[in-house]
Amino acid sequence: MPDGRSIAMKCQIANDSKRPVGQVLFPDFHGLLPFAGKEETCLRTAGFVRKPFVDVQATTYPEFYALDRLSDTKEMVEFYGGGKYGDADSMIERWLDFGGLNGGISLFPKVWADAPVTKVRIYRLEKDPNVRLMHVHDTAVKPGQTWESPEYVLTPHRIGWAKGIEPYREFVRDHIKRQFPCPSMCAKDLATAPFGCARAIRPTARGMWRSKRPTCRRSRPKPRPMWTRRTCALVLAGAVYAAHAATLLTSRHARRVFPMQSRSALSST
C-alpha cells in the first residue's frame, strides 16, 4: 500500500459448481502465536479487550463449523462490529488488533456504516492450541455467480496498538462527513489535542498513550465570584430580619417574667 507498511487483501469466489456456497471465511488466520505471552496477548477493539489464550479454551473436537450460537462457548467467541452499538461484547468499530505491547497485527475492512455487520470469531483446537481468527460472511453464492469481499487492510507493528490503528484513523478521516460545521472557536481549541488542552495526550516510545497536565487556559471554565451584589443584599436583609425578630421575642419574654416591673416602667414613662 502507499504507506509502505500495510497489506491490502481481497477475496473473489466464482461458484462454478452446482451447489450454492452458504458461507465464506475471509480473512482466516490460522496459528496466531502469543506475541507477548499468554497473559499479555490481547484481542483489542474499540469496545472491549479479550485475552484469547486465557478466555478461550482449546476444544477436543477436530471439526469446525462456523454456525451461529445463542451465546459464547469456551472454545469459540464471537464478536460484531459496525452495528449493535452498546452491547457487552460489541466491537463498536470494525477495527481490531491482535498482539501486545511488543508487537502485533491490526486489521479492518474498508467499508462504511451502510455495509453489513462485521462478524469476527476466534477459535482454538487441542491439536493446535494457537488462536484462529476469522471474519465470517453469511452470504449465499449461487451457482454461476461471483462474490467479492471488501478490501481488508492488514498492518503489522512492532510496538503497541497505537501504531497499528493509524491506517484506520486515516481511513475514518477521509470518509467522515459532518452534518454541521464545527464552530471556529472549537476547531481552534481542538486543533492541537483532544479536549482543547495542548500537549494533553502524547504517544510514548512503546506505543502507549499518557496524559499530561493540561496547559490550555481557554478550555477551563472561568470561576464565578463568590460574593455578588445580590448575595450581599440578601445576607443583609436576612440579618436585619433576624435582629428584629430577636428584639420582639426578648420584649415579650420580659413582660411575662417581670409583669410588675414592666407596668411600673410604663407608668413612670
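Between a residue in the range 165-186 that is not assigned by TED's automatic domain parsing to the domain that holds F98 and any residue that is surrounded by 11 or more Cβ atoms within 10 Å (Cβ to Cβ) and in a helix (DSSP H, G or I), which pairs come within a Cβ distance under 9 Å, given they are 6 or more apart or on different chains?
Once the first residue is not assigned by TED's automatic domain parsing to the domain that holds F98 and sits in the range 165-186, its partners that are surrounded by 11 or more Cβ atoms within 10 Å (Cβ to Cβ) and in a helix (DSSP H, G or I) give C186/G196.
For the range 148-160, which positions are assigned to a strand (DSSP E or B) and more than 15 Å from L43 (Cα to Cα)?
Those that are assigned to a strand (DSSP E or B) and more than 15 Å from L43 (Cα to Cα): E148, Y152, V153.
What residue, among those in the range 71-98 that are modelled with pLDDT of 75 or more and not in a strand (DSSP E or B), is farthest from P156 (Cα to Cα)?
Checking each candidate, the answer is E93.
Okay, residues lined up against (1) surrounded by 12 or more Cβ atoms within 10 Å (Cβ to Cβ); (2) out of contact with any Cys (no Cβ under 7 Å at 6 or more places or on another chain); (3) assigned to a helix (DSSP H, G or I); (4) at pLDDT below 75:
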site	(1), (2), (3), (4)
A162	yes, yes, yes, no
F171	yes, yes, yes, no
R199	yes, yes, no, yes
S219	yes, no, no, yes
K222	no, yes, no, yes
L236	no, yes, yes, no
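Looking only at the range 43-54, how many residues end up being surrounded by 14 or more Cβ atoms within 10 Å (Cβ to Cβ) and out of contact with any Pro (no Cβ under 8 Å at 6 or more places or on another chain)?
Total satisfying the criteria: 8.
Looking only at the range 103-147, how many residues end up being outside any strand (DSSP E or B) and at pLDDT below 90?
The total comes to 14.
Of all residues in the range 32-55, which are under 19 Å from I159 (Cβ atoms), touching a Phe, Trp or Tyr at 6+ places or on another chain (Cβ under 9 Å) and in a strand (DSSP E or B)?
L32, C42, L43, R44, T45
Residue check, R124 against (1) surrounded by fewer than 19 Cβ atoms within 10 Å (Cβ to Cβ); (2) within 19 Å of E40 (Cα to Cα); (3) not aromatic (F, W, Y), all met but one. Which one?
(1)
The values are calculated or read from the model by the stated rules, or taken from the named source; none is laboratory data. Since the structure is predicted, the reported quantities are computational estimates derived from the model, not experimental observations. Glycine gets a Cβ as well: all are built from the backbone with ideal geometry, and neighbour counts include every protein chain shown.
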